[in-house]
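The values are calculated or read from the model by the stated rules, or taken from the named source; none is laboratory data. Computed from a predicted model, the values in this text were never measured in an experiment. Glycine also receives a Cβ, built like all others from the backbone with ideal geometry; neighbour counts cover every protein chain displayed.
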Ligand SMILES: C[S@@+](CC[C@H](N)C(=O)[O-])C[C@H]1O[C@@H](n2cnc3c(N)ncnc32)[C@H](O)[C@@H]1O
């Protein structure tokens, strides 16, 4: 094996890929060990590359995702997501969800986590009869083909999470395990009464604030911190067999935003992040 230095995040990703590969060994007889070892080596050394065309099988991947969708919709986890989401929507007065914006899924063609996270939002899009628009700067050409197969619209620009809701239409933002900065930017962009039209499925705001230093929060999650007293955060019960795929995820809505003191909205400087962070990819154009 090469001598590769990895961050904790990369190690977790590596383990996920290993779990994915092992699952393929047990479920898909056409994969053999050498091929998996080569692929893991390739992914660890060069995480932004896609599987070569010769190794990528769109049909097999699509079937795997369809199977994962059938599996997930029969779980208590999915039932909990639906129940919590309906509770949040009801708290907002039952608006129609106009669209789903899905950020930071990761490489769904190769990553077990991304695949299961995707089938949850795919199932929700069918339940609410809403289209999905997706963006992740690491999507490979193969990922894009897979997403198109499932009628997902691919967004092309890196807005760094600054997606603004329009025309009082409610948008469901799905950003599982995305960076604090991405969530912070989304809040900043819609800072004010427009937050009423944002439903955010993301890492628990409460946990972000409780598990980071005040310096870290000030630099990367100032808007998460400011909105914390006014957010309705609804937990999901994470009983899924792979705990790490949905851990810390919660549903966030802002039903009482018009009761907030107007002063809160006055401080709204655009956040700037000086540190380079592997989990937050900026628009380098
Ligand atoms: C910690 S990973 C989470 C991946 C996956 N959802 C998971 O739970 O393992 C953060 C994800 O956010 C993506 N990301 C980083 N910057 C982004 C941006 N500007 N817009 C959308 N996604 C971004 C990364 O490429 C990565 O896939």
Hey, residue 264 hits all of (1) touching a helix residue (DSSP H, G or I) at 6+ places or on another chain (Cβ under 7 Å); (2) farther than 19 Å from residue 178 by Cβ; (3) part of a loop (DSSP other than H, G, I, E, B) but one; which does it fall short on? (3)
Looking only at region 160-171, which residues are under 13 Å from residue 102 (Cβ atoms) and either outside the structural domain of residue 115 (by TED's automatic domain parsing) or within 14 Å of the ligand (Cβ to nearest atom) (or both)? 161, 163
Please identify the pairs in which a residue from region 67-93 that is part of a loop (DSSP other than H, G, I, E, B) has its Cβ atom under 8 Å from the Cβ atom of a residue that is loosely packed, with under 15 Cβ neighbours inside 10 Å, counting only partners at least 6 apart or on another chain. 75/239
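Mind checking whether some residue in region 216-223 is surrounded by fewer than 16 Cβ atoms within 10 Å (Cβ to Cβ) and within 11 Å of the ligand (Cβ to nearest atom)? Steps first, please.
Taking region 216-223 and keeping what is surrounded by fewer than 16 Cβ atoms within 10 Å (Cβ to Cβ), we get 216, 218.
From what is left, the residues that are within 11 Å of the ligand (Cβ to nearest atom) are none.
No, because not a single residue in region 216-223 is surrounded by fewer than 16 Cβ atoms within 10 Å (Cβ to Cβ) and within 11 Å of the ligand (Cβ to nearest atom).
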So, residue 187, is that one within 27 Å of residue 269 (Cβ to Cβ), over 15 Å from the mean Cα position of the chain (by Cα) and either surrounded by 22 or more Cβ atoms within 10 Å (Cβ to Cβ) or at pLDDT below 95 (or both) or not? yes
Look at residue 182 and say whether it is more than 10 Å from the ligand (Cβ to nearest atom) and not in a loop (DSSP other than H, G, I, E, B). no
Looking at (1) closer than 27 Å to residue 256 by Cβ; (2) without any contact (Cβ under 8 Å) to a residue 60 or more places away in the chain; (3) within 16 Å of the ligand (Cβ to nearest atom), which is the one condition that is false for residue 114? (1)
Can you pull out every residue in region 92-111 that is more than 9 Å from the ligand (Cβ to nearest atom) and over 11 Å from the mean Cα position of the chain (by Cα)? 92, 93, 94, 95, 96, 97, 98, 99, 100, 108, 109, 110
Of (1) in contact with a helix residue (DSSP H, G or I) (Cβ under 7 Å, 6 or more places away or on another chain); (2) within 11 Å of the ligand (Cβ to nearest atom), residue 121 satisfies every one except (1)
For region 121-152, name all the residues that are crowded, with 16+ Cβ neighbours inside 10 Å and free of Cβ contacts under 8 Å to residues at least 24 places away in the same chain. 144
